[in-house]
Amino acid sequence: MKKLRIAYFGTPYFSARFLERMLTDTTINQLIEVKLVVTQPDQPIGRKQILTKSPVKVVAEKYGISVISNQLSVVGKNNFNEPNTDYRKLTTILKYVDMAFLFAYGGIIPKELLNLPKLGFWNTHPSLLPKYRGALPIAMPLILSDQETGVSLIKLDEKVDHGPIIAQEKLTIRPNDKKPDLEIKLTDLALEVFKKIIIPSMQRPLSRWYIKEHPQNHSKATFTYQLKKDDGFVPLSTLKKALNNEPIIFPELPKFIFKYIHKYNLVRNWLAPRSAKHGVGKLEFKNSAKIIYDYFRGLYPWPGIWTLINIREYPLKIRGNHAFQRQKRLKITNMTLVEGRLKILRIQLEGKKEVDFRTFNSAYSVF
């Protein structure tokens, strides 16, 4: 039986996990051959800004697969406009392979490349499309307290996560799942979805493949965007209310949630807020403990959730005729939700080592 020749596009560690499982799973690895891996360029990492290979590149080199480590496209700007060696190599191999397969590549594929492989470009997206298109599909279901998520296998077209659906599978979100947990579960589910399509198809010649597709309902599409470090900020007053599970009003939500549910008009049905006679700004959300815990789960471990606290032992800042209390960033590194009660377990003050919450609070009496 002739193997299915694949060009694989991916970058982060869960995409690397998919690639390695694809190469080692005994039910599929005899049917496929990965001819090329395309990944994002090496990036400076950490305080010392050490140039580091992407996890996908590390796996590709481990198995002796040819790698192109270059940024195909970012925000629509094609970095392969000039006919360089990488571009010529890529176009040559894409004409030769049967399929290009993407999983969390992190770039936009130029239009002129999409139809080069015989079966085109397939993309695994870790959400139930058309929900949560874009850069943050794994974290958003956690942030917004969804009870399920899933994997969508689609045929790639020119728009982001827009193409027709080949297959889709749901996954129940467990109450204590964090982002890394879902990354692993969705990666493993993605491989099973891929296998369900590929294994029976491989019984026929490529020319006789019939892959059912159906278009997405684009009217129900929602889009996500990349997290920034500042998105982890939770006002201290909101955090204190959450620890007591006191209701919070709409403007007290973390800004990231505030903007998203406002953009998609989710305000009045998200987590059953109380009605308000004086407008949306006065809506009360009853379960503040769950809101903050779910936000923590979606942002764990980076950027994490954090707040600002006043530190008495530091001298006041003087600006003009005004004195300001010096503030420090306080990161919540671990928390849990037990019988509806939010508990902070571990905490790290800016410039200090991580400690358990009781030790910190006995010293600083913030909460």
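Summed over segment 284-307, the residues that are over 10 Å from S145 (Cα atoms) and acidic (D, E) give a count of 1. Applying the set (1) modelled with pLDDT of 95 or more; (2) under 15 Å from L144 (Cβ atoms); (3) surrounded by fewer than 15 Cβ atoms within 10 Å (Cβ to Cβ); (4) of a type in the set (K, R) to R174 leaves exactly one unmet item: (2). If you go through segment 269-306 and pick out every residue that is in contact (Cβ under 8 Å) with a residue 12 or more places away in the chain, over 30 Å from I347 (Cα atoms) and part of a helix (DSSP H, G or I), you end up with 3. Does S275 fit the bill of being at pLDDT below 95 and either under 30 Å from L4 (Cα atoms) or surrounded by 14 or more Cβ atoms within 10 Å (Cβ to Cβ) (or both)? So S275 fails the test. Any residue that is among the charged types (D, E, K, R) and surrounded by fewer than 17 Cβ atoms within 10 Å (Cβ to Cβ) - is there at least one of those in segment 133-140? No, because not a single residue in segment 133-140 is among the charged types (D, E, K, R) and surrounded by fewer than 17 Cβ atoms within 10 Å (Cβ to Cβ). If I ask for residues that are part of a loop (DSSP other than H, G, I, E, B) and either loosely packed, with under 15 Cβ neighbours inside 10 Å or at positive phi (or both), which ones from segment 28-69 would you list? Answer for segment 28-69, where residues must be part of a loop (DSSP other than H, G, I, E, B) and either loosely packed, with under 15 Cβ neighbours inside 10 Å or at positive phi (or both): N29, Q30, P41, D42, G46, R47, K48, Q49, Y63, G64, S66. The set of residues in segment 163-179 that are under 16 Å from N334 (Cβ atoms) and not charged (D, E, K, R) comprises P175, N176. Checking each residue in segment 209-240 for being farther than 20 Å from G298 by Cα and touching a helix residue (DSSP H, G or I) at 6+ places or on another chain (Cβ under 9 Å) picks out W209, Y210, I211, S237. Applying the criterion of being among the small types (G, A, S) and surrounded by 12 or more Cβ atoms within 10 Å (Cβ to Cβ) to the residues of segment 197-236, the residue that is modelled with the lowest pLDDT is S201. Among the strands (runs of 3 or more DSSP E) confined to segment 309-350, the ones with at least 1 residues that are surrounded by 15 or more Cβ atoms within 10 Å (Cβ to Cβ) and modelled with pLDDT of 95 or more are located at 327-338, 341-349.
Taking the criterion of being of a type in the set (S, T, Y), outside any loop (DSSP other than H, G, I, E, B) and crowded, with 19+ Cβ neighbours inside 10 Å, the residues of segment 7-27 that qualify are Y8, S15. Report, by residue number, each residue of segment 237-251 that is surrounded by fewer than 19 Cβ atoms within 10 Å (Cβ to Cβ) and touching a Phe, Trp or Tyr at 6+ places or on another chain (Cβ under 9 Å). Matches in segment 237-251: K240, L243, P247, I249, P251.
The values are calculated or read from the model by the stated rules, or taken from the named source; none is laboratory data. In this text, all values refer to a predicted model and were calculated from it rather than measured experimentally. All Cβ positions, glycine included, derive from the backbone under ideal geometry; neighbour counts span all protein chains shown.
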